[in-house]
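K.L.:
Take this structure, written in structure tokens, and hold onto it; I'll ask about it next.
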Amino acid sequence: MAFVYMVRCVGGAIYTGMALDIGARLCTHIEKKPGAAKYTRAHPIEELLALFETESARDAKRLEAYGADAIVIPCNTAHYFIDEVRRSVSVPVPSIIEETAAHLRRAGVKKAGILATVGTVSSGSYQEQLQKLGLDFAVPDSVHQQYLHELIYDDVKSGRDPDLEKFYKIV
């Protein structure tokens, strides 16, 4: 089960996020721990406005009932739920993780670099799939991983142009 949350930050802006462990995620933001969004570090949370539970399987069944011939999950982190979704529907649910690993193997790649958010890297989803196919992998060290995470969440997902100089230091 996942949660979508909306909080009001200092200055009145609304910040929205998703988490599996809502208590831990809000504490990360409030206490400005590593992994907290750059935005909530600069604009502390004042109030929890809304909290919604989401059930991926239920949502996938609805999409199937509406006539979807396939269910796609275009978010790496949301692949955490792919097995649950696949069990709940009769339509195909392709995995960008499985397809990426299979493509790399067909292309003769021996070792893949994984550039992703902290959540995706810590889930081990790419690492596990690459290993299943006999491929090795590399991930950034913790400092560079945090830079990348901030670029993804604080720039790209916030609609801002990412700091390419920071990106080039990572790769």
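K.L.:
Sort out which residues of segment 53-89 are in a loop (DSSP other than H, G, I, E, B), surrounded by fewer than 18 Cβ atoms within 10 Å (Cβ to Cβ) and not hydrophobic (A, V, I, L, M, F, W, C), and write them in order of number.
P.N.:
55, 66, 67, 69, 74, listed by residue number.
K.L.:
Follow-up question, since we're still on this one. Somewhere in segment 35-42, is a residue over 19 Å from the mean Cα position of the chain (by Cα), outside any helix (DSSP H, G or I) and surrounded by 11 or more Cβ atoms within 10 Å (Cβ to Cβ)?
P.N.:
no
K.L.:
State which residue is nearest to residue 86 (Cα to Cα) when the search covers only segment 98-114 and only residues that are in contact (Cβ under 8 Å) with a residue 12 or more places away in the chain and assigned to a helix (DSSP H, G or I). Write out each step before concluding.
P.N.:
Within segment 98-114, the subset in contact (Cβ under 8 Å) with a residue 12 or more places away in the chain is 98, 100-102, 104-105, 109-114.
With the extra rule that they be assigned to a helix (DSSP H, G or I), the set shrinks to 98, 100-102, 104-105.
Values: 98: 14, 100: 18, 101: 19, 102: 19, 104: 24, 105: 24 Å.
For segment 98-114, the residue satisfying everything is 98.
K.L.:
All but one of (1) of a type outside the set (Phe, Trp, Tyr); (2) over 24 Å from residue 150 (Cα atoms); (3) in a helix (DSSP H, G or I); (4) open to solvent by 60 Å² or more (accessible area, probe 1.4 Å) hold for residue 92; which doesn't?
P.N.:
Looking at each condition in turn, residue 92 falls short on (3).
The values are calculated or read from the model by the stated rules, or taken from the named source; none is laboratory data. Because the structure is a prediction, the values reported are computed rather than measured. Note: ideal-geometry Cβ built from the backbone for every residue, glycine included; neighbour counts use all protein chains shown. These area figures cover heavy atoms from the full protein model, side chains too; ligands, DNA and RNA do not enter into them. Shrake-Rupley method; radii C 1.70, N 1.55, O 1.52, S 1.80 Å.
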